[in-house]
Amino acid sequence: MKKPLRYSLSVLVALLGLGKNLGQSQKIIDVDIFDSGEVKAIPVYIEGFTGEILPLLKFDLFVQGFEFVDKAKAQFIIKGSNAGGVSGAVYDQLKGGFILNKRYQGGNLRMQGHTFANNVVESITGSPGIGLSKIAFRQFHGRNTEIHVADFDGFNAKQVTRDNSISAGPDWSPDGGSLFYYSYLKNNPDIYSHNIRTGQRRIVARYSGSNISPSVSPDGRRVAMVLSKAGSPDIWVANVNGSGLRRLTTTKAAESSPCWSPDGRFICFVSRVSGRSGLYKIPANGGAMSRIKTIYASNATEPDWSPDGKAIAFTTQRGGSFDICIVEPSGGKAKVVASGEDPSWALNSRTLIFTNRSSGKRILSVLDVPTKRVKTLPRRFQGNCSQAAWGN
């Protein structure tokens, strides 16, 4: 599993004295059940936050399985302030006590707000929050495309490449320090690694034919990719610096979109060896490839293996429309969870970012898989966006 990015933020625990206003004596809660998917959203009430922090908190929590209700119907009361810094608390009305009470210092207000949202998620669900994670994506600039990065909610977007060409297929290194992608900078699709902090770019694969779709292993030591140097597009693996190149598939059919199992033992990919696009897996050290059945979903493409190893998200096409599906790694019945394409898992293995099409434009949306609820990124970028990759 990929390691999360580290941020320096001093967190001080402070008693906020909110107990009298949170109905500590209330024993019976009228709770609505939200079940737009298969899992119930957690009913919460939020108050005290203003400005940009309030929608930030609501976005973070919504895409991680929370629903905002009247105070009388909420199990948890989230209350605080962002005046001069973020402070906040979570009160459990059923148990009659605080489960979180903190004040944050250092960084900026948005970082403090995301950190508080992470603490809320962990205190209620026991799972880590995703508020401080980053995304990389392809953005169109006229006929060209460039790689951009942003906070997962779309804010603080920055352009990484300025190739004035086609750059695409970004994938993060596990430590979040580098991006791997391919670019037509030299008039041929070649794979590069790009250090986010220094801007240094290195060639990973530049062979005759196509060098595309890099995918970094969970331990950060290897990269899977699609090369056509031997004729047909095949899955190859190399060290992250491009050395030690090894061919994995030899089908002479078109292979694409490799991704790693979280333990690094297998690579899932797409092949047309049976005549139609389908999901397959192969040992990362070499061996026989095997089919991953996706019952009820044909033409499977663009897989991404969840960090907990329990599911593979992928795209399926029916006519002119695209759907996001999930299936168990062993194969079986595929389940449609949203309309869209290009899915990428967050570290929590429940939230996906994907490409949606609206009014002829490609936009990025975030999906809470268990409840099947979708939020479009609130910050609209200038050009069409796609191929989002979720970092940590």
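So which residues in the stretch 267-288 are in a strand (DSSP E or B) and either within 20 Å of Lys333 (Cβ to Cβ) or in contact (Cβ under 8 Å) with a residue 60 or more places away in the chain (or both), if there are any at all?
The initial filter retains those residues of the stretch 267-288 that are in a strand (DSSP E or B), namely 267-271, 278-283.
Cys268, Val270, Gly278, Leu279, Tyr280, Lys281 - these are the residues of the stretch 267-288 that are in a strand (DSSP E or B) and either within 20 Å of Lys333 (Cβ to Cβ) or in contact (Cβ under 8 Å) with a residue 60 or more places away in the chain (or both).
Name the residue that is modelled with the lowest pLDDT, counting only residues in the stretch 32-72 that are assigned to a loop (DSSP other than H, G, I, E, B) and within 19 Å of Ser127 (Cβ to Cβ). Before the answer, list the steps.
Of all residues in the stretch 32-72, those assigned to a loop (DSSP other than H, G, I, E, B) come to 32-33, 35-40, 48-52, 63-65, 69-70.
Next cut, within 19 Å of Ser127 (Cβ to Cβ) only: 37-40, 63-65.
Details: Gly37: 49, Glu38: 65, Val39: 83, Lys40: 89, Val63: 96, Gln64: 97, Gly65: 96.
That would be Gly37.
For Arg379, indicate whether it is under 18 Å from the mean Cα position of the chain (by Cα), surrounded by fewer than 21 Cβ atoms within 10 Å (Cβ to Cβ) and modelled with pLDDT under 95.
Values: under 18 Å from the mean Cα position of the chain (by Cα): yes; surrounded by fewer than 21 Cβ atoms within 10 Å (Cβ to Cβ): yes; modelled with pLDDT under 95: yes.
Considered against the rule, which asks whether it is under 18 Å from the mean Cα position of the chain (by Cα), surrounded by fewer than 21 Cβ atoms within 10 Å (Cβ to Cβ) and modelled with pLDDT under 95, Arg379 comes out as yes.
Kindly evaluate Leu132 against the criterion of being closer than 24 Å to Arg373 by Cβ and touching a residue at least 12 places away in the same chain (Cβ under 8 Å). Before the answer, list the steps.
On the way: closer than 24 Å to Arg373 by Cβ: yes; touching a residue at least 12 places away in the same chain (Cβ under 8 Å): yes.
Against the criterion (closer than 24 Å to Arg373 by Cβ and touching a residue at least 12 places away in the same chain (Cβ under 8 Å)), Leu132 qualifies.
Can you list residue pairs whose Cβ atoms sit under 9 Å apart, with the first residue in the stretch 366-392 being farther than 18 Å from Phe140 by Cα and of a type in the set (Asp, Glu) and the second being modelled with pLDDT under 95 and in a loop (DSSP other than H, G, I, E, B)? Count only pairs 6 or more apart in sequence or on different chains.
Asp368/Gly37; Asp368/Val39
List every residue pair whose Cβ atoms sit under 6 Å apart, with the two residues 6 or more apart in sequence or on different chains, where the first one lies in the stretch 140-165 and is in the same structural domain as Arg202 (by TED's automatic domain parsing) and the second, anywhere, is assigned to a loop (DSSP other than H, G, I, E, B) and of a type in the set (Lys, Arg).
Gly154/Arg379; Phe155/Arg379
Looking at Arg291, Arg362, can you tell me which residue is part of a strand (DSSP E or B), more than 15 Å from the chain's Cα centre (by Cα) and farther than 24 Å from Arg222 by Cα? Before you say what the answer is, go through the steps one by one.
On the way: Arg291 fails: farther than 24 Å from Arg222 by Cα.
None of the others qualify; the one that does is Arg362.
Can you go through Ser330, Ser349 and tell me which one is in a loop (DSSP other than H, G, I, E, B) and within 13 Å of the chain's Cα centre (by Cα)?
Of the residues listed, the single one that is in a loop (DSSP other than H, G, I, E, B) and within 13 Å of the chain's Cα centre (by Cα) is Ser349.
For (1) closer than 22 Å to Glu302 by Cβ; (2) surrounded by 15 or more Cβ atoms within 10 Å (Cβ to Cβ); (3) at pLDDT below 95, each residue gets a yes or a no:
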site: Ala224; (1), (2), (3): yes, yes, no
site: Pro233; (1), (2), (3): yes, yes, no
site: Gly242; (1), (2), (3): no, yes, no
site: Ser274; (1), (2), (3): yes, no, yes
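Have a look at Gly107, Gly113, Gly88, Gly80 and point out the one that is at pLDDT below 95, in contact with a Phe, Trp or Tyr (Cβ under 9 Å, 6 or more places away or on another chain) and closer than 25 Å to Phe152 by Cβ. I'd like the intermediate steps shown before the answer.
On the way: Gly113 fails: at pLDDT below 95; Gly88 fails: at pLDDT below 95; Gly80 fails: at pLDDT below 95.
Selected residue: Gly107, the only one of Gly107, Gly113, Gly88, Gly80 that is at pLDDT below 95, in contact with a Phe, Trp or Tyr (Cβ under 9 Å, 6 or more places away or on another chain) and closer than 25 Å to Phe152 by Cβ.
Based on this model, can you work out whether Thr355 counts as without any contact (Cβ under 8 Å) to a residue 24 or more places away in the chain, in a strand (DSSP E or B) and not assigned by TED's automatic domain parsing to the domain that holds Leu54?
no
Based on this model, can you work out whether Thr161 counts as part of a loop (DSSP other than H, G, I, E, B) and within 25 Å of Lys361 (Cβ to Cβ)? Give the steps one after another, and end with the answer.
Values: part of a loop (DSSP other than H, G, I, E, B): yes; within 25 Å of Lys361 (Cβ to Cβ): yes.
So Thr161 fits the description; yes.
Quick check on my filter: what residues within the stretch 98-119 are in contact (Cβ under 8 Å) with a residue 60 or more places away in the chain and over 27 Å from Ser173 (Cβ atoms)?
Phe98, Asn101, Lys102, Arg103, Tyr104, Gln105
Mind checking which residues of the stretch 333-343 are over 18 Å from Lys281 (Cβ atoms), crowded, with 22+ Cβ neighbours inside 10 Å and either of a type in the set (D, E, K, R) or within 9 Å of the chain's Cα centre (by Cα) (or both)?
Of everything in the stretch 333-343, those that are over 18 Å from Lys281 (Cβ atoms), crowded, with 22+ Cβ neighbours inside 10 Å and either of a type in the set (D, E, K, R) or within 9 Å of the chain's Cα centre (by Cα) (or both) turn out to be Glu341, Asp342.
Among the residues that make up the stretch 178-199, is at least one of them out of contact with any strand residue (DSSP E or B) (no Cβ under 6 Å at 6 or more places or on another chain), in contact (Cβ under 8 Å) with a residue 12 or more places away in the chain, crowded, with 16+ Cβ neighbours inside 10 Å and among the polar types (S, T, N, Q)?
no
Look through the stretch 119-134, keep the residues that are over 13 Å from Phe152 (Cα atoms) and not small (Gly, Ala, Ser), and return whichever of them is surrounded by the fewest Cβ atoms within 10 Å (Cβ to Cβ). First the steps, then the outcome.
Looking only at the stretch 119-134, we keep the residues that are over 13 Å from Phe152 (Cα atoms), and these are 119-128.
Filter once more, keeping what is not small (Gly, Ala, Ser): 119-122, 124-125, 128.
On the way: Asn119: 20, Val120: 28, Val121: 22, Glu122: 13, Ile124: 21, Thr125: 15, Pro128: 16.
Restricting to residues being over 13 Å from Phe152 (Cα atoms) and not small (Gly, Ala, Ser), the top hit is Glu122.
The values are calculated or read from the model by the stated rules, or taken from the named source; none is laboratory data. This is a predicted model, so every value here is computed, not measured. Ideal geometry is used to build each Cβ from the backbone, glycine not excepted, and the neighbour counts take in all protein chains shown.
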